[in-house]
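Asks: Got a structure for you, written out below as structure tokens; questions coming shortly.
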Amino acid sequence: MIKRVFQVLTICIAMFFTVSIANAQDPVDKLIDKYDGKKGFNAAIVGKDTLSMALLVPNIPQEQKKMIQQMDEIVTIDYAGKNPSIESFYKEAIDLFEAAGPYTDTKEVSETQKKINTVGKAFCINENGITKKIITVFLFTDISGKEAKTQSVNVMVMNGNFDANSFKEAQKPKKKMF
């Protein structure tokens, strides 16, 4: 009898952990699973080995090299489809990442450069002065014509161990062409 109780208990515990792991899926994985194969949807997952090859490209600014060296993985998603609309995909991505918090830092982004309006949100997870995850979700709109035309959504998730200085330096505009 006790043996039977332990068997049932073991099965219940295994089912609990299986359901918990399945529900703990990262938001970027949910987007990839849901939209993979849809027209206008592209995703790329780049690991540390492939990132190290990027360091072989000549003339990469030292600050960007340092950030690449601190990166473990980068996942990018681009969407420019019609079903769902670009705006719906953008809202879904923002909602998924907001629900997956808490984050140590979030920032709203809104800027216009070269007749492209960019709005979005950045999320960061920091531990002891090291940024472990950087997430950005951007909506790009072309404002060069008579009416604004939404073009695409870009989602980027970078995992690594980024020190604050490297991250800031890598974002500074450089005059060097490469």
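Asks: For residue 20, which of the numbered conditions (1) modelled with pLDDT under 85; (2) closer than 17 Å to residue 73 by Cβ; (3) not in a loop (DSSP other than H, G, I, E, B) fails to hold?
Replies: The number of the failed condition is (2).
Asks: Quick one: which residue in 80, 93 is crowded, with 17+ Cβ neighbours inside 10 Å, of a type in the set (Gly, Ala, Ser) and touching a helix residue (DSSP H, G or I) at 6+ places or on another chain (Cβ under 7 Å)? Talk me through it step by step, then tell me what you get.
Replies: On the way: 80 fails: crowded, with 17+ Cβ neighbours inside 10 Å.
Going through 80, 93 in turn, the sole match is 93.
Asks: With the requirement that a residue be in a strand (DSSP E or B) and free of Cβ contacts under 8 Å to residues at least 12 places away in the same chain, what does region 80-123 give you? Before the answer, list the steps.
Replies: Filtering region 80-123 for residues in a strand (DSSP E or B) gives 105-113, 116-123.
The answer is 110, 111, 113.
Asks: While we're here: Just for region 121-144: of the residues that are among the aliphatic types (A, V, I, L, M) and within 15 Å of residue 106 (Cα to Cα), which one is surrounded by the most Cβ atoms within 10 Å (Cβ to Cβ)?
Replies: Checked region 121-144; the qualifying residue surrounded by the most Cβ atoms within 10 Å (Cβ to Cβ) is 137.
Asks: Scan region 38-71 residue by residue and report those that are open to solvent by less than 60 Å² (accessible area, probe 1.4 Å), part of a strand (DSSP E or B), free of Cβ contacts under 8 Å to residues at least 60 places away in the same chain and touching a helix residue (DSSP H, G or I) at 6+ places or on another chain (Cβ under 9 Å).
Replies: Residues satisfying the conditions are 41, 43, 46.
Asks: Condition (residue is of a type in the set (Gly, Ala, Ser), assigned to a strand (DSSP E or B) and either surrounded by fewer than 17 Cβ atoms within 10 Å (Cβ to Cβ) or modelled with pLDDT of 90 or more (or both)) applied to region 149-159: is it met by at least one residue? Give the steps one after another, and end with the answer.
Replies: Step one: list which residues in region 149-159 are of a type in the set (Gly, Ala, Ser), which gives 152.
This time we only want the ones that are assigned to a strand (DSSP E or B), so: 152.
Cutting the leftovers down to either surrounded by fewer than 17 Cβ atoms within 10 Å (Cβ to Cβ) or modelled with pLDDT of 90 or more (or both) gives us 152.
Yes.
The values are calculated or read from the model by the stated rules, or taken from the named source; none is laboratory data. Small disclaimer: the values here were computed from a predicted structure and weren't measured. Please note: Cβ atoms are built from the backbone with ideal geometry, for glycine as well, and neighbour counts cover all protein chains shown. In case anyone asks, the SASA skips ligands and DNA or RNA and just uses the protein heavy atoms, side chains included. Shrake-Rupley method; radii C 1.70, N 1.55, O 1.52, S 1.80 Å.
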